[in-house]
Amino acid sequence: MKIKKIEGIVINKVDFGEADKIVTVISKQNGKIKILAKGIRKSKKREIYGTDLAVLSNFIIYKKNEISYLSSVELTDGFLDIKKNLFKINIAGYILKIADKFSMENEKNIKLFKLVYNSLKYISKEKENEKMLVLVSYFLNSIINQEGTSFLLNEGEYFNFEEGQFQIDKTENVLKIKKYQKKYLMLLNNVDIMGIYKLNLNKFNLLSVIEILEGYLNYHFDIKEQLKNYLGMA
């Protein structure tokens, strides 16, 4: 029986049986791992908080019959300010869901781990809702780039989801993009976050850009996730 120590972020959890919990963790060392935490739901110890959603913890696990079991867990960063604000909870939940869909079990992905960790840190500290929406757009664009499906910001006002580029003529699988949306995407592609802030876009403008990124991801990866559903705006 091999014992292993991993550092990871809890991106999903499911109750199992009367007292157990299956915790999905994206780790630095081993990518995504599903861990069976026996009896954790009846535990009165502080370690129970180390298996909450959107926390960074150190896990001691062991494997038996191809199942990873939790031996012990120590919370290292609870991102507590997220739990105090419903908007932050919803934004974090959305990011964790996307991370779950784009992480593979037992495949190391340090870039994704860092992206999720830094996103949670930002959400925890930020006070402005609009800036958190900018963070979501950055997160989605980073996922697109990490998956090797970056799109081209060439001439035209129609965005072709299939080919991942703008074009002048209207054809199938295209969306007409407004000027502010294209400018936003250009700044985002250049990681000019301060430039994005200077656009002074409201929540609905920002969500419209996020919907373009979601549409692109959905077309290529069938993610079927929409932030507006998490924010109760469907």
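The values are calculated or read from the model by the stated rules, or taken from the named source; none is laboratory data. Source: prediction; values computed, not measured. When we count neighbours, we look across all protein chains shown, and the Cβ atoms used for this are built from the backbone with ideal geometry, even at glycine.
A few points about this structure:
- Within the stretch 46-62, the residues that satisfy the criterion of being in a helix (DSSP H, G or I) and touching a residue at least 24 places away in the same chain (Cβ under 8 Å) are 46, 47, 49, 50, 51.
- Inside the stretch 23-47, residues that are within 25 Å of the chain's Cα centre (by Cα) and buried (at least 18 other Cβ atoms within 10 Å of the Cβ) make up a count of 11.
- Residues that are in a strand (DSSP E or B) and among the acidic types (Asp, Glu) within the stretch 3-35 comprise 7, 15, 20, listed in sequence order.
- Only one of the listed residues (33, 48, 60, 26) is modelled with pLDDT under 95 and β-branched (Val, Ile, Thr). That residue is 48.
- Counted residues, the stretch 16-57 - those being among the charged types (D, E, K, R) and in contact with a strand residue (DSSP E or B) (Cβ under 6 Å, 6 or more places away or on another chain): 7
- Only one of 155, 130 that is charged (D, E, K, R) and closer than 26 Å to residue 100 by Cα: 130
- Out of 166, 151, sole residue that is of a type in the set (Phe, Trp, Tyr) and over 24 Å from residue 94 (Cα atoms): 166
- Residues that are of a type in the set (A, V, I, L, M, F, W, C), free of Cβ contacts under 8 Å to residues at least 40 places away in the same chain and part of a helix (DSSP H, G or I) within the stretch 63-104 comprise 86, 89, 92, listed in sequence order.
- Leading residue by the ranking (farthest from residue 213 (Cα to Cα)) among those in the stretch 117-161 that are of a type in the set (S, T, N, Q), out of contact with any Phe, Trp or Tyr (no Cβ under 6 Å at 6 or more places or on another chain) and not in a loop (DSSP other than H, G, I, E, B): 118
- Long-range neighbours under 7 Å by Cβ, at least six apart or interchain, first residue over 22 Å from residue 200 (Cβ atoms) within the stretch 122-146, second of a type in the set (Ser, Thr, Tyr): 144/150; 144/216
- Top-ranked residue in the stretch 198-219 [being touching a residue at least 24 places away in the same chain (Cβ under 8 Å) and not in a helix (DSSP H, G or I); ranked as farthest from residue 129 (Cα to Cα)]: 201
- Residue match in the stretch 82-100 (condition: of a type in the set (Ser, Thr, Tyr), more than 20 Å from residue 213 (Cα to Cα) and either under 12 Å from the mean Cα position of the chain (by Cα) or surrounded by 13 or more Cβ atoms within 10 Å (Cβ to Cβ) (or both)): no
- When we screen 210, 223, 177 for residues that are modelled with pLDDT under 95, buried (at least 16 other Cβ atoms within 10 Å of the Cβ) and either closer than 23 Å to residue 165 by Cβ or touching a Leu at 6+ places or on another chain (Cβ under 8 Å) (or both), the only hit is 223.
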